[in-house]
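Working notes, structure below.
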Amino acid sequence: MRAERILILTGAGISAESGVPTFRGPDGLWEGHRVEDVATPEAFARDPVLVQRFYDARRAHLGKVAPNPAHMALGRLDAAWPGDLLIVTQNVDDLHERGGARRLLHMHGELKSAWCTRCDRRHPWGGTLSDQPPCPGCGHRGALRPDIVWFGEMPYGMHHIYNALDRCDLFVAIGTSGHVYPAAGFVAEARAAGARCIEINLDPSMVSDQFHESRLGRAGDLVPKLVEELLQGC
Ligand code: OAD
């Protein structure tokens with residue numbers, strides 16, 4: 001397959017085979033929790049300990065999971081691809097990094113980062129936040145929050161992402177249901193800019209009909225195949 005400038009969007013489905021739960025569906029995270037209770041600034045203002053515990057548990061779980069063949073394949077692509085590449089993930093886990101991806105943007109934030117609402121600095125974070133540790137920057141207690149984009153907040157890197165969408169000639173969405181905007185609108189933007197659009201998902205997403213091609217199956221099987229096709233063509 002021929003392409004020069006690639007933008008890849010990933011969602012929870014790419015980490016599912018690693019054992020990180022997706023959001024929607026029978027065993028999804030949003031089955032066990034109400035979004036309004038744990039993933040909004042209002043929830044955090046109302047009950048910070050509940051929200052911190054939710055993200056503390058998810059951060060701790062990262063130590064029990066490992067990148068799967070889909071993450072590893074994107075890492076290989078990143079290392080070998082001579083043209084433009086941007087991997088935009090909605091995921092807050094660190095499995096892309098551990099799979100070798102470098103040209104990576106976490107548009108919904110990262111579990112392994114803490115943001116001090118007092119001094120506005122971000123710090124790499126591996127431990128808990130519910131016990132109100134001091135900020136390593138300003139020393140203030142109780143001001144660190146998960147560096148996660150909650151509903152109603154602006155995703156990271158939007159300017160950079162739209163620039164890349166407008167320039168890419170291949171757009172690939174992997175393991176995302178197309179429920180959440182702005183990410184669900186990226187395919188329309190890329191397609192309008194003339195990019196070929198391919199979806200890899202277990203089942204058709206909400207925006208499947210906007211892709212030129214839908215490859216249905218497990219990311220761990222289909223992403224390595226796509227990466228091989230791309231690297232053979234370059
Ligand atoms: P979802 O849980 O909405 O969708 C995951 C998608 O992955 C579904 O369409 C599944 O069919 C698919 N899937 C599951 N296992 C798969 C596998 N092994 N291979 C390929 N596909 C698989 O997750 P997202 O679309 O990522 O936002 O959700 C988007 C945003 O909604 C999240 O970033 C989060 C959530 O609310 C915030 O918290 C701000």
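Read-outs throughout are calculated quantities, based only on the coordinates presented, and are distinct from any laboratory measurement. If you're wondering where the values come from, they're calculated on a predicted model, not measured in any experiment. Positions of Cβ are backbone-derived with ideal geometry, glycine not excepted, and every protein chain shown enters the neighbour counts.
Along the principal axes of its C-alpha atoms, what lengths does segment 32-123 span, in descending order and rounded to whole Å?
Each principal axis gives a Cα extent; for segment 32-123 these are 48, 29, 21 Å.
Could you list T22, T89 in order of exposure, starting from the residue whose Cβ has the fewest other Cβ atoms within 10 Å?
T22, T89
Explain nothing, just compute: Karplus ³J(HN,Hα) = 6.51 cos²θ - 1.76 cosθ + 1.60, θ = phi - 60°, for every residue of segment 12-20 in order, whole Hz, x for Gly and Pro.
3J(HN,Hα) across segment 12-20, in whole Hz: 4, x, 6, 9, 4, 6, 7, x, 8.
Each label point is 7 Å from the Cα along the Cα-to-Cβ direction; what then is the distance between the points at R191 and H123, in nm?
Label-label distance for R191 and H123, simple model: 4.6 nm.
Would you mind computing, in nm to one decimal, how far apart the modelled labels at A80 and R46 are, each placed 7 Å from Cα along Cα→Cβ?
5.0
Taking the chain as a Gaussian network, Cα atoms linked when under 10 Å apart, which of Y55, Y156, Y181 shows the biggest mean-square fluctuation?
For the chain, modelled as a Gaussian network with Cα springs under 10 Å, the answer is Y181.
Find which of N91, H123, L165 sits farthest along the positive direction of the dipole of segment 66-170, computed with +1 on the beta-carbon of Lys and Arg, -1 on that of Asp and Glu, about the Cα centre.
Positive-end residue among those listed: H123.
Relative to a virtual label point 7 Å from the Cα of D27 in the Cα→beta-carbon direction, which members of segment 211-226 show backbone nitrogen distances below 16 Å?
Counting backbone N atoms under 16 Å from the label point, the list is 218-220.
Given R₀ = 41 Å, FRET efficiency for H61-R2 by Cβ-Cβ distance, to 0.05?
Efficiency, rounded to the nearest 0.05: 0.55.
Rounded to the nearest 0.05, what FRET efficiency is calculated for M158 and D221 with R0 set to 25 Å and r the Cβ-Cβ distance?
With R0 = 25 Å, the Cβ-Cβ based efficiency is 0.20.
Could you work out [θ]222 nm for the chain from helices alone, using -39500 (n - 2.57) per DSSP H run of at least four and dividing by all its residues? Round to the nearest 500 deg cm²/dmol.
Calculated at 222 nm, the ellipticity per residue is -9000 deg cm²/dmol.
How about segment 83-132: which trypsin sites (Lys or Arg not before Pro) there are in a DSSP loop, with at most 11 other Cβ atoms within 10 Å of their Cβ?
Here the sparse-neighbourhood loop sites are R102.
Could you check the spin-label model distance between F151 and L231? Points 7 Å from the Cα along Cα→Cβ, value in nm.
Placing both labels 7 Å along Cα→Cβ, they lie 4.0 nm apart.
Taking amide H positions as placed in the peptide plane 1.01 Å from N, state which residues far from G178 in sequence (5 or more) or on other chains have amide H under 5 Å from it.
Residues meeting the amide H criterion: M206.
Any idea what angle helix 158-167 forms with the longest principal axis of the chain, computed on alpha-carbon atoms, 0 to 90 degrees, nearest 10?
0
I want to verify the translational diffusion coefficient of the chain in µm²/s; compute it with Stokes-Einstein, Rh as the Kirkwood radius over Cα pairs, at 4 °C and 1.567 mPa s.
Answer from the Stokes-Einstein relation: 71 µm²/s.
In debye, nearest 20: dipole of the chain around its Cα centre with unit charges on the Cβ of K, R (+) and D, E (-)?
560
Would you be so kind as to identify which of L202, M107, T22 lies farthest towards the positive end of the dipole of the chain, taking Lys and Arg as +1 and Asp and Glu as -1 on Cβ and the Cα centre as origin?
Working it through, the farthest residue towards the positive pole turns out to be M107.
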